[in-house]
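Asker: Below is one structure. I have some questions about it.
The values are calculated or read from the model by the stated rules, or taken from the named source; none is laboratory data. Everything numeric here is computed off the predicted structure, so don't read it as measured data. Here the Cβ positions follow ideal geometry from the backbone for every residue, glycine too, while neighbour counts run over all protein chains shown. Please note that ligands, DNA and RNA were not included when accessible areas were found on the heavy atoms of the full protein model with its side chains. Shrake-Rupley method; radii C 1.70, N 1.55, O 1.52, S 1.80 Å.
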Amino acid sequence: MKVFYFCAQTHVQHFIGTKGKGRLCLLDAEYNWVKQSMLVCVLLCQFLTSSAQGSVGDSIHAGGSDFHVNQLIIPSVMVAVGSWGVSNGWFCGVKEDVRDGFSDLRGECRFKADDYLQYLPVLTNVGLAFTGVKSRHTLRERLAVTATAYLTMGAIVNVTKYAVQEKRPDSNAHNSFPSGHTATAFMGAELVREEYGGISGICAYTFATGIAFLRLYNDRHWLNDIIAGAGVGILSARVGYWLLPWERKLFKWKETSPTISVVPSYNPVANQWGISLSANL
């Protein structure tokens, strides 16, 4: 982490050293903000991925379905910090500074692909097994977990938006807290970590952190919105796995691997060839 931060800091120093040689330049205050913002992003990514690595062993043993109280710590802290930032005077000052820094960094250029990229970790959770990566649950169970997690996340995010009524930084809409895009991305990242573990989870969390960064970059959310959104997303994914045993009992699912059969067929009367596809999910 120190290496990454040093490289980022050196790059910014070089950029500032060109002040006066181009149309774009950073003031000293903006330089300090960029350093702090880079450090926050690196720390957030490092914190989440190290937490993912630390719990991979337990998830492999438990199949990602058992409830443990310590699983509430990280999302609860993130939601609490984000909630604190809604009205705390000091945090509101930090939010404004971060927004001003991103505004200077962005200029007139916006990158709105996050509206679509937010779903990539969720799709990865469902489909990565088809590339040969071993999953811990069947396709049917992955779909059930994903649906449960998404419904939980959607309910928490929308009820909270309606209740808190925090104004967005770029408009008069009062639905900023928490960030739904960030919640979706981090929900998917936690699903990938639980389902596939290892490097897959780390990559998913890194990608989700990038989505959170873009929400700030595009001036769609405040800093506390994305912190709380990440917490909601992680919690929602875990709820999906906690409820999986009850869904198995409810739908009388057996813990068997899915099978797909493809059988060619031929009709001599009509001289037609065909294919019969059957799947047990």
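Asker: Which of the aspartates and glutamates could be linked to Lys249 by a straight reach, that is with a Cα gap under 14 Å, when you skip same-chain ones fewer than 8 residues away?
Answerer: Result set, ordered by chain and number: Glu141.
Asker: By average Cβ neighbour count within 10 Å, what is the ranking of 128-135, 140-147 from highest down?
Answerer: 140-147, 128-135
Asker: Let me ask another. Between Asn172 and Lys134, what is the FRET efficiency for a Förster distance of 35 Å, r being their Cβ-Cβ separation, to the nearest 0.05?
Answerer: On the way: r = 49 Å, r/R0 = 1.40.
So the FRET efficiency works out to roughly 0.10.
Asker: Another question about this same structure. For a Förster distance of 35 Å, can you work out the FRET efficiency between the beta-carbons of Trp84 and Cys109, rounded to the nearest 0.05?
Answerer: My answer for the efficiency is 0.65.
Asker: How large, in percent, is the carbon and sulfur part of the accessible surface of segment 82-230 at a probe radius of 1.4 Å? Provide the component values of the computation, followed by the final result.
Answerer: On the way: 4030 of 6360 Å².
That fraction is 63 percent.
Asker: Quick one: if the Förster radius is 35 Å, what FRET efficiency do Gln165 and Leu123 give, using the C-beta to C-beta distance and rounding to 0.05?
Answerer: That gives a FRET efficiency of 0.65.
Asker: Stokes-Einstein at 37 °C, 0.692 mPa s, Kirkwood radius from Cα pairs: D for segment 58-160 in µm² s⁻¹?
Answerer: 187 µm²/s
Asker: Relative contact order for segment 107-184 using alpha-carbon pairs under 8 Å, separation at least 6, rounded to a whole percent? Mind showing how you got there, number by number?
Answerer: Numbers: 49 pairs, mean separation 22.1, N = 78.
The value is 28 percent.
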